[in-house]
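A short reminder: the numbers here are calculations on the coordinates, not readings from a lab. Fair warning: this is a prediction, and the values are worked out from it, not measured in the lab. Because the Cβ atoms are built from the backbone with ideal geometry, glycine has one as well, and the counts that use them run over all protein chains shown.
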Amino acid sequence: MPNIVVVGAGVSGLTTALLLSKDPKYKVTIIAKYMPGDYDIEYTSPWAGANYLPFSTKEGSRWEKGTWPELVRLAKDVPEAGIHFQEALIYNRNKDAGGPVTDWFNDLLSTNPWFKDLVPNFRVLPKSMMVPGADSGTAFTSVCINTAVYLPYLVSQCLANGVVLKRAVITHISEAATFHHSGRKADVIVNCTGLLASKLGGVMDATVTPARGQIVVVRNTPGAMFTVSGVEGGEEGECCYIMQRAAGGGTVLGGTYQKGNWESQPDPNTALRIMKRAVEICPALVEKGQGVEGLSVVRHGVGLRPLRENGVRVEKEKIDGAWVVHNYGHGGYGYQTSYACSQGAMDLVDEVLSPKAKL
Ligand code: FAD
């Protein structure tokens, strides 16, 4: 019976543990400093919107492509997962090309993206449907995940399959091997530590940095999800998006994408600009004639996207004699790549435990 310790209880750790636990031969323990229910700047997953807006190029699309069918299944057949379908409207301003926000989602702004045949109802929007300043736009049916429901849902699925969850803080990845609930050493450690892979002994990935996301959660309902390629004024890295979470999760107004910024506290001026821009592109958020005063704020928040220079790291590595499978560095796309990346991590666990690998 191979013993596996997964480090991390964000969307990456929980999804990987869930997939592993479906194979009865694996005995899985999850250890984490933060768990679903916690809100902390060192724990990204609760802060996400989260929706499905593919950012990858066609060549790098396998994680997003591979995750879409499972999100559709959950939205269709599993109401308790807290995921619903929503129309996504994407607006492009030509002047934003090559800017700090758009350089990571060029394909999303294209009127002919690789995913046009993957998602339902993809269409190019007519000029009459542009928001102020937009030169082109597209729309398709996407999903929006209520992370406050979805993360506990993943926990409950793991528990049902016999996964054991424990609080622990490690300073070196190899320490994780001693935390398996059997009392015996783990055969494989899965590293899903997100942004903190940059500070964890044995990993210390200097290419992982935060992309700071400030948000406002409101009770108002927009009726669709909106994303615009750029904004006027404000500070570098400010952007504009709206997404309505499933199951009473409120509406997330964003945001910022500030690379290298570790600031945990919401900035009140940025928050005001986020709210103003949201009402500008979606007046239906508030009553006729109202501005930001028509927004009913649930909370302000900041999450740090675990951005990795060369994209997600799904790799195996022997560290101090222990097999480690990495699954971290998901930037602003950890939910929309979660199933395929976790499947990739599971394939690597299978590989390192195969008799051939042991020879
Ligand atoms: P985390 O959620 O940060 O989890 C890391 C885990 O590792 C935690 O449990 C932590 O406690 C544990 N850990 C770390 N170090 C240690 C240690 N030394 N010892 C013990 N435990 C440790 N993605 C989308 O797909 N769609 C979206 O719409 C979207 N919107 C976003 C909006 C915002 C504002 C933000 C901030 C992010 C958004 N994302 C979105 C990105 C997504 O949230 C992340 O990619 C994802 O949550 C990363 O998950 P993770 O499990 O890798 O990391």
For the chain, longest principal axis from Cα atoms; helix 147-160 axis from its Cα atoms; angle between them, nearest 10 degrees, is 20 degrees
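For the range 265-320, just say rounded, prolate or oblate: build the C-alpha gyration tensor, square-root its eigenvalues into a ≥ b ≥ c, call rounded for a/c under 1.5, and beyond that prolate if a/b exceeds b/c, oblate if not.
Numbers: a/c = 4.11, a/b = 3.02, b/c = 1.36.
Prolate, because a/c is 1.5 or more and a/b exceeds b/c.
For the chain, what relative contact order do you get, as a whole percent, if you take Cα pairs closer than 8 Å and at least 6 residues apart? Could the numbers behind the result be given before it?
On the way: 833 pairs, mean separation 86.1, N = 359.
The value is 24 percent.
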Calculated diffusion of the chain, Stokes-Einstein form, Kirkwood radius summed over Cα pairs, 4 °C and 1.567 mPa s, µm²/s: 62 µm²/s
I'd like the distance between the alpha-carbon centres of the range 99-170 and the range 213-232, rounded to an integer number of Å. 13 Å
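Can you tell me the order of 114-125, 305-316 when each peptide is scored by its average per-residue count of other Cβ atoms within 10 angstrom, highest first? Each step should come with its number before you reach the end.
On the way: 114-125: 14.5, 305-316: 18.8.
Per-residue Cβ counts within 10 Å, averaged per peptide and sorted highest first, yield 305-316, 114-125.
Using r as the Cβ-Cβ distance of GLU315 and VAL78, and R0 as 30 Å, what FRET efficiency do you calculate, to the nearest 0.05? Write out the running numbers ahead of the final one.
Working: r = 31 Å, r/R0 = 1.02.
Given R0 = 30 Å and the Cβ-Cβ separation, E is 0.45.
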Compute the angle between helix 268-281 and the longest alpha-carbon principal axis of the chain, please, reported from 0 to 90 degrees and rounded to the nearest 10. 60 degrees
Could you work out how much longer the chain between ARG62 and LYS185 gets when fully extended? Use 0.36 nm per residue separation minus the Cα distance between them, nm to one decimal. 40.9 nm
Looking only at Cα atoms, what is the convex hull volume of the range 117-240 per residue, in Å³? 218 Å³
Where does the charge balance sit around GLU59 when Lys and Arg score +1, Asp and Glu -1, over other residues with C-beta under 15 Å from its C-beta? +1
Lys and Arg at +1, Asp and Glu at -1: add these up for the other residues within a Cβ distance under 10 Å of TYR26 and post the number. 0
Rounded to 10°, Cα long-axis angle of helix 338-353 versus longest principal axis of the chain: 10 degrees
Would you mind checking the range 76-92 for residues with the amide N under 19 Å from a putative spin-label position 7 Å along Cα→C-beta of LYS116? 88-92
Along the Cα-to-Cβ line of ALA206, 7 Å from the Cα, sits a label point; which residues in the range 295-328 have backbone N less than 14 Å from it? 309
Expressed as a rounded percentage, what relative contact order does the range 1-102 have, with Cα pairs under 8 Å and six or more residues apart? 18 percent
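Given the rule -39500 (n - 2.57) for each run of at least 4 DSSP H residues, summed and divided by the residues of the chain, what is its mean residue ellipticity at 222 nm, to the nearest 500 deg cm²/dmol? The partial results should precede the final answer.
Details: 7 runs with 79 residues, N = 359.
Calculated mean residue ellipticity at 222 nm is -6500 deg cm²/dmol.
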Percent of beta bridges antiparallel (DSSP, the chain, rounded to nearest 5): 70 percent
